[in-house]
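Please read the structure below before turning to the comments.
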Amino acid sequence: MKKSLLVTAMAFLAMQLMITGQNASIPSVDLYTLDGEKINSTAIFDNSRPTILIFWKTFEKDCCNQISSMVDAREEILGKDNVRIVCICIDCTGKTTHVKPIIYGKDWDVEAYVDKNGDFKRVMNVVNTPLTILYDTDNSVICQYAGYCCGAEEMVCEKLKSCIVMK
């Protein structure tokens, strides 16, 4: 167990070193709210708080676990109002009616959008899910990692603390 956690932590840190400091411009594509309204992907980012962006699929258990872990960690460690969690559902080609009940049924306090056509997924080079990307208030990538990583939420929170001006 300890060896597995150590390997996971090392992989996370290695990826973080590759990504840290990149200023990723947010591509402009259409997403949809849970109510079906079209919204541009650039509109989901703001500079008021750091953002945890999670690409997920509704039928993958690890994706749901990742969102739940990040929601819990944010509330316990960072404070709900200090960090935004934005979830992009990428397994909804056309029909999106099953996403809203999942978000509300699990009582996730997140901003959720649907990438109906897969355009955002493609331009963001999402291959594996869940994919978690951390952005600071300048929309620069702090780090990113693919897959569900139990225990990584503490490392994520430590990274985000440096971006937060605690009230």
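Readers should treat all values here as calculations from the given coordinates under stated rules, not as data from a laboratory. Source: prediction; values computed, not measured. Because the Cβ atoms are built from the backbone with ideal geometry, glycine has one as well, and the counts that use them run over all protein chains shown.
Were the residues from Asp72 through Glu60 laid out at 0.36 nm apart, the gain over their Cα-Cα distance would be 2.4 nm. Charged neighbours of Asp46, selected by a Cβ distance under 15 Å, balance to -2 (K, R count +1; D, E count -1). When Trp108, Trp56 are sorted by how many other C-beta atoms sit within 10 angstrom of their C-beta, beginning with the fewest, the order is Trp108, Trp56. With the simple model of a label 7 Å out from the Cα in the direction of the Cβ, Ser48 to Asp138 spans 2.2 nm. Once you list every other residue whose beta carbon is under 13 Å from the beta carbon of Ile102, what net charge do they have if Lys and Arg are +1 and Asp and Glu are -1? With Lys, Arg at +1 and Asp, Glu at -1, the neighbours total +1.
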